[in-house]
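Worksheet for the structure shown next.
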Amino acid sequence: MSTEAARKAGASRAPMIVAAVLACAGIAAWIFQITQGLQVTSLTQTYIWGLSVSVFYAMMACAAGLMALCGFSEFKPSVMSVDERKLAMAAAAPTMLAAGVLIIMDLGNPGAFINLITSLNLTSFTVLDFWAVLLAVIVGVVYLALLARGSQGRAIGVVAMAASVLVIVIEGIMMANNTSHTLWASGMSVASFLVAAFTGGTALLAAIAPRHKNLFVAGLIAMAAVILAETVTGLISGTDLSRGLMASIVAGAYAPYFWISLIVGIVIPLLLAVGGKSLVAAAACAVVGLACEKLWFVLAGEAEVGLAFHHIGPEAESFATLLYVPSVVEVLMTLGCLGLALLLFLIVRAALREG
Amino acid sequence: MGMLSTTSTRRTFLKGAALSAAAALGAGLTLDGAATLAEADEGPAQEKWVKTFCGTCIFTNCGMEVKVVNGVATEIRGNKDHPANQGTMCPRGAAQLMNLYDPYRCKVPVKRTNPEKGLDVDPQWQEIPLEEAKEIIFTKMEECYAKDPRRHMFMYGFGDTLHEGPYQKTYTAIMGTPNYAMSCGPLCEVHHAPQLFNNTFIDRVDVGHCNYLITLGRNMGASAAFASGPSRAMADAWKRGMKTVVVDPHCNVEASHGEWLPIRPGGDMAFCMAMINVLLHELNVYDGPYLRERTNLPYLIQEDQDYYRNPETGKPMMWDAAEGVAKDYDAEFGEVALEGAYTVNGTPVETAFEKIKASVKDTTPEWAEGKTGISAEDIRRVTTEFAEAAQIGSTIVIDGVEMPYRPVCLAAGRGSANTMQGQRTYIVADTVNMLVGALGVPGSLIHVEHPKFEVEDGVILPEKLTTYLEKYDAGFTIPFNDMTGKQFSALARFPVLTTAMGAIVDPAKYFVDYDIDVLFPIGSNGFMADTDRDLFVQAYKKVPFIFTTGLLMDECSLFCDVILPEHSSLERQQIHPIEEIMTAGVDSLRVGGVNYKESPVEHVYDTVQFEEFVMELAYRLGRGPQLNMTTSGFFGLMGTPYQLDPTKRYTYAEVLDRYLKATTKDDGKGIDWFRENGFWTFERPVEDCYDYCIQGAGRLPVYDHRDLMVGRHLKANCEKWGVEQPGWEGRMDEVYAEYTPVPEWHENSLTASTDDGFDLYCVNWKISPRILGLGGADNNVWLREVVENHEFDDLCIQINPLAAEARGLKTGDKVLVESQFGGTAEGVVKVTGLIREDCLGFPAQGGHVSKFLNPAAQRGTNYNQLLSAKDGDYFTVSGSISIASRVKIRKAE
Amino acid sequence: MHYGMVIDLGRCIGCNACTVACKQKNATPRGTFWCKVTTTEEGEYPKAYRKSVPTLCNHCQNAVCVAVCPTHATYKREDGIVMVDQDKCIGCRYCIAACPYEARTFDFGEDKTYFPELEGDNPYESAHEGAFHAGTVSKCILCSDRIDSGDVSTACSQACPTHARIFGDLDSPEMQELIRRGAYVMRPDQRTQPAVYYLPR
């Protein structure tokens, strides 16, 4: 091999090594959690879902959104070329798989997991989400295989779009179903999940195909609209309770995540995109922002039942302290799954190049 | 890890079934102090329920059951068949298993090897066999007694569930020393008025028939739960429509089910005097027939406040309005005059009623508003409602017995009785009741145990005054024979703790000419339960030998030379009389009987029972006859076949068996029967429950002539011997002035101005999970967890929003509180409107200092250190202390 | 037939007897309270007052937790008691998110003992070992074990010193009569049809 080729080969191995290391760290963190229990996380009885669930949602949003765009490209090839679709699916399928791994890592007692599969309790959106994620992963892998063989077509495109929309909608309803949490319990949740999928998908699309910067910008603006719609309306016109809730999001315990989702997730990508700078960086920021948006959404919603029971005042002071900061174990597990997704992506991409 | 582990590794903890030997010292298997158990680890789980009774409050009525599985107690519940608690239990009772299995308990007998003593000092315990430990104690006691039995002081508190057994109260009689101290006395000034007016140790409220209840610093058993009847009685009464007015600086549970009038600490006397002012000077409402016939208010009083006595008969006299002449109180009258001023044999006299009236002439609600912080309008309104609700003149028939019906009660408790003039405040509160005829009758304050009314001068007394004064005078000789301080504090029910401890340190100061060689504290932790901890440290350091039967390695244990580890409450073989002593509902008023318990499991550690040890000690010291006679007397065995033979030696189990058989009389049920059944009850006749039916011809001493006379004898004795009460040198007039027969308001350090910077008042109250700290409650992990996480009254110091705002404080701030007496407390504040605007609330107690207790016991604040029991600060008449101090607060750096 | 409870807030004194009775009967670990009493301050000084509300799992007649449980670990008995089979629970905590009443507790795998600072075992704790599984959810079982053994009562309702908690079959005339006195349920808008009713003060 020439030195140039060797250098390129070496250069491409570095990210793989990093990804593998992250994946291993994640697995090690998970094993630690299995032996110690979830006390190694920052979760509490009130904040019973945290980083893992939020990043799971964010990963699914990006991957499903991207897969839907791929499927749409079967009808409108101008959106993505075949090569671009290959690259996109090489990212989307592993991401959905890794997201599934992450959410299983989040379980307290994964040893009993077989019961989820055999229960077929279709009133449980956890069960529906499992099957939907599984379907989306299978569809994603099949789509990827078809793309690799060059035998993609409208049929798989429709299936891909449907599977994407299905999983996102189910995840939205999974949150909206919890009617005792007013922040979640409306169609707004499904809408915001769908918009997030659009934003995440277009972010990754712009990273792959920079000419679609405008679609990305549209996604960012749509996400901004959703966030502001949720928070500003509550602050201005809502009930005492919703004002307090929104205050806690904007100025209280969850503010850091909110402002990251707004600034890092929307403002900076907009500036980067409009300013003609790196779209990969912009996409990365947008994805981080998405994860943070899910995080404050989940956390603030969880606090509500406590509000109702313990007469915690609606004032922002009640939530003044940052109540949830992910622990090292949670961060490692999350990074580990991202690393896994990256690793699989790099392997698939390398295989596609050779093939 | 606690220091316990260094001395008892093999017994530090137990796996599965308990290991240690049974501590039964009695003869005869059936009387054995531990229930027989299933064999451990054999076959399927052996499970049974064992009957017992609770040991976690003042008066343990509640019947319980413990589930024992393979020799381990795994669950506790109330006994559904028991009429007192009807299967219920309070949080303390429910938590008992964590007292039984508290790993911080004293486990083995130990002796101290480090001669240095202190709260921060490791005693360096050496584990010794039980027999050796007892021998050390017996030898020291023999040496002490060879010198002078008075050189032995006994000390007790609530820790050993004080009222369970006979030997706390009778110890000094058995052992022949006059010296004893009580950690539970100084903040318990609730016995004098009940003694005067109900001839009972404590009074109870007939809530089952009451319609209007005003509480004045008194927990009725709902604010701090008592499952044996009070909680239920209050709930029933609320449902029936009884109105509760809670006059208290703190809005407690009872206030939350009624009306709360936030009162400034120290103002309670003013509140009561204002009520009497409204009754007598505005509404002109009082129970005339009752006052004429059943009180000494018609008695004629001369100018020096004494009764006017017939020069010929020596009897007090009353005025016959029909004939216009004074007669002996027991003569025939046409019409007894309640009011009026007269001249008898040239002596100007007034009725006692006029004296009472005059004493409250100026104590209007407007005047009281300044002292209490309660609006004049509210004082007036509540008094009017009280008077109306009293239904003066009405009667009620209960079980065929007709009695006057006065369904109102002004119930004072230690919150008001332990403030300035507190003892008299309780008397004045009872005066309010008596003015409307509401004492000893349905709906009002009634007696507990069957009172023995002595009648002298036609007035009921706890003891004939002449006899009492004779004994008092005889006991007032310098040097004093004892260290109780009761000579100066002439109305003290209990030894004056300041004197008891102070005389250990400096006998001469307290006019005593000997030292204490041996101290035996039991269930008594003055370092926490009392104030002025430094004095306790000095006293305990000075006594050469201290021993105890101890449950935990608490502050008191740290100063001991020998500790015999003690049974937990559940493990004791014990009886307890059943009687509702606090708040009586219709279903608890008449219940009498006795509870029995013995350990449901093998004793967890190498522990002893206090009573058995005391008996051994008494026999060893040759005081068997005194022990046996006193025991017979206490348990009512005199004149029965079960009376103890003075010459014989008994075990405690044998004593209990006799007591149970004597109590159940014709049924003759002994320990064997009680082991199976747990309790025995009977129903008292209605007449036994109401003073009215028993009182006979005796009149109530509303005009407190007795205490006036006691005060005069105090003065005479002090002047005769040329002595002054330590702390009041040059101020004895203030001391004598407290012995008044009528209500009087005296300014005091609590109600004085707050210009000295101490601009707030600290107040304290019991909470359901922690009342007195007995039963190891302060160390109980379940109770502490509830207090810290689920109680509104948690470890925080409570401050009113107005006070907080003025000082820039908010919930969560760390603060330092200093009292006018120099005490300090640290903590975290909670802003709440459930406390008066000029008060700081300190729920329950915390802040143990001993490092050998559960860390949870060390959290919180030891409120008592903010108070003062110093000479010059405590209440002279009684030796008790103020429950509130003036304090200031600031943020801690 | 549906077991349930009526809690009379006019009788409740917020003493937490029920809290401790439940804890010691079921040996719930540190931090886990299947039954608890929340006392809050109401009103404004000087008309402020305490309000105590005991809470437990409502054993809802239309239980969301049963609907959302992915493994049927949470199920409803014929007598109405909602239970958790800890062998089937995967610890996804969806039931906790769905429950409107903070009735459920997740086991984070912390040391169960109340004496983490000491070595050795505690006989009471040893006797109850193994009752809780890390990573699963637990909650009030309405003393179903007691009921199944023939003693139809609950630890909390029996312990209550004021008889504020009345346990029984909601369909019985006695319970119906109590409910008719104006009893209400928590968060009726959630349509869970709780089996726990409250009578106002």
| request: Quickly run through segment B:754-787 and pick out the residues that are more than 11 Å from chain C (Cβ to nearest Cβ), outside any strand (DSSP E or B) and over 24 Å from the mean Cα position of the chain (by Cα). | output: B:T754, B:D755, B:D756, B:G757, B:F758, B:D759
| query | Can B:T431 be described as within 22 Å of B:G221 (Cα to Cα), among the hydroxyl-bearing types (S, T, Y) and either crowded, with 20+ Cβ neighbours inside 10 Å or touching a helix residue (DSSP H, G or I) at 6+ places or on another chain (Cβ under 6 Å) (or both)? | reply | no
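Given the structure, is C:S149 within 11 Å of chain B (Cβ to nearest Cβ) and not basic (K, R)?
yes
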| Hey, does segment B:235-252 have a residue that's assigned to a helix (DSSP H, G or I), more than 9 Å from chain C (Cβ to nearest Cβ) and of a type in the set (A, V, I, L, M, F, W, C)? | yes
| remark: Among C:E42, C:E110, C:E119, C:E78, the single one that is under 21 Å from the mean Cα position of the chain (by Cα) and acidic (D, E) is C:E78
| task | Check segment B:69-79 and report whether any residue there is aliphatic (A, V, I, L, M), surrounded by fewer than 21 Cβ atoms within 10 Å (Cβ to Cβ) and within 14 Å of chain C (Cβ to nearest Cβ). | result | yes
| note | Only unsatisfied item for A:Q152, checking (1) crowded, with 18+ Cβ neighbours inside 10 Å; (2) closer than 27 Å to A:G219 by Cβ; (3) within 12 Å of another protein chain (Cβ to nearest Cβ); (4) modelled with pLDDT under 95, is (3)
| Qualifying residue in segment B:645-664 (condition: charged (D, E, K, R) and within 14 Å of chain C (Cβ to nearest Cβ)) | no
| query | If C:K112 satisfies every condition in (1) facing another protein chain (nearest Cβ under 7 Å); (2) buried (at least 20 other Cβ atoms within 10 Å of the Cβ) but one, which is the exception? | reply | (1)
| For the subset of segment B:198-218 comprising residues that are in a loop (DSSP other than H, G, I, E, B) and modelled with pLDDT of 95 or more, which member is nearest to the other protein chains (Cβ to nearest Cβ)? | B:R218
| Could you say which residue among B:G437, B:G373, B:G443 is closer than 23 Å to B:P249 by Cα and buried (at least 18 other Cβ atoms within 10 Å of the Cβ)? | B:G373
| query | Of the residues in segment B:732-753, how many are outside any loop (DSSP other than H, G, I, E, B) and of a type in the set (G, A, S)? | reply | 1
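Given the residues B:S749, B:S768, B:S753, which is the only one that is free of Cβ contacts under 8 Å to residues at least 60 places away in the same chain and polar (S, T, N, Q)?
B:S753
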| Taking the condition over 23 Å from C:C22 (Cα atoms) and in contact with a Pro (Cβ under 9 Å, 6 or more places away or on another chain), does C:R187 pass? | yes
| query | Taking B:T832, is it of a type in the set (V, I, T), free of Cβ contacts under 8 Å to residues at least 60 places away in the same chain, in contact with a helix residue (DSSP H, G or I) (Cβ under 9 Å, 6 or more places away or on another chain) and surrounded by fewer than 20 Cβ atoms within 10 Å (Cβ to Cβ)? | reply | no
| query | Taking helices (runs of 4 or more DSSP H) that do not extend beyond segment A:34-137, which have at least 2 residues that are away from chain C (no Cβ under 14 Å) and within 13 Å of the chain's Cα centre (by Cα)? | reply | A:51-73, A:82-105
| said: Just the residues that are among the polar types (S, T, N, Q) and surrounded by fewer than 23 Cβ atoms within 10 Å (Cβ to Cβ), please, taken from segment B:512-563. | reply: B:Q538
| query | If a residue has to be touching a Ser or Thr at 6+ places or on another chain (Cβ under 8 Å), modelled with pLDDT of 85 or more and aliphatic (A, V, I, L, M) to count, how many in segment A:210-252 make the cut? | reply | 9
| Can you name every residue in segment B:606-650 that is surrounded by fewer than 21 Cβ atoms within 10 Å (Cβ to Cβ), hydroxyl-bearing (S, T, Y) and not in a helix (DSSP H, G or I)? | B:T640, B:T647, B:Y650
| said: Can you confirm whether B:D667 is at pLDDT below 95, under 29 Å from the mean Cα position of the chain (by Cα) and surrounded by fewer than 20 Cβ atoms within 10 Å (Cβ to Cβ)? | reply: no
| task | Residue by residue through segment B:83-115, note down the ones that are among the β-branched types (V, I, T), more than 11 Å from every other protein chain (Cβ to nearest Cβ) and touching a helix residue (DSSP H, G or I) at 6+ places or on another chain (Cβ under 7 Å). | result | B:V108, B:V110
| request: Report the residue count in segment A:174-208 for those that are part of a loop (DSSP other than H, G, I, E, B) and either touching a residue at least 60 places away in the same chain (Cβ under 8 Å) or under 12 Å from the mean Cα position of the chain (by Cα) (or both). | output: 6
| When segment B:790-835 is examined, which residues are found to be more than 14 Å from chain C (Cβ to nearest Cβ) and of a type in the set (D, E)? | B:D813, B:E818, B:E826
| Residue check: is B:E463 free of Cβ contacts under 8 Å to residues at least 40 places away in the same chain, more than 16 Å from B:D691 (Cα to Cα) and part of a loop (DSSP other than H, G, I, E, B)? | yes
| query | Can you name the strands (runs of 3 or more DSSP E) wholly within segment B:794-861 that have at least 1 residues being small (G, A, S)? | reply | B:814-819, B:824-831, B:839-843
| request: Select from segment A:272-293 the residues that are in contact (Cβ under 8 Å) with a residue 60 or more places away in the chain and charged (D, E, K, R) and list them in ascending order. | output: A:E293
| query | Is at least one residue of segment B:277-292 out of contact with any Phe, Trp or Tyr (no Cβ under 9 Å at 6 or more places or on another chain), within 14 Å of chain C (Cβ to nearest Cβ), part of a loop (DSSP other than H, G, I, E, B) and more than 29 Å from B:A737 (Cα to Cα)? | reply | no
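The values are calculated or read from the model by the stated rules, or taken from the named source; none is laboratory data. The shown structure was predicted, so the numbers you read here are calculated from the model rather than taken from an experiment. Ideal geometry is used to build each Cβ from the backbone, glycine not excepted, and the neighbour counts take in all protein chains shown.
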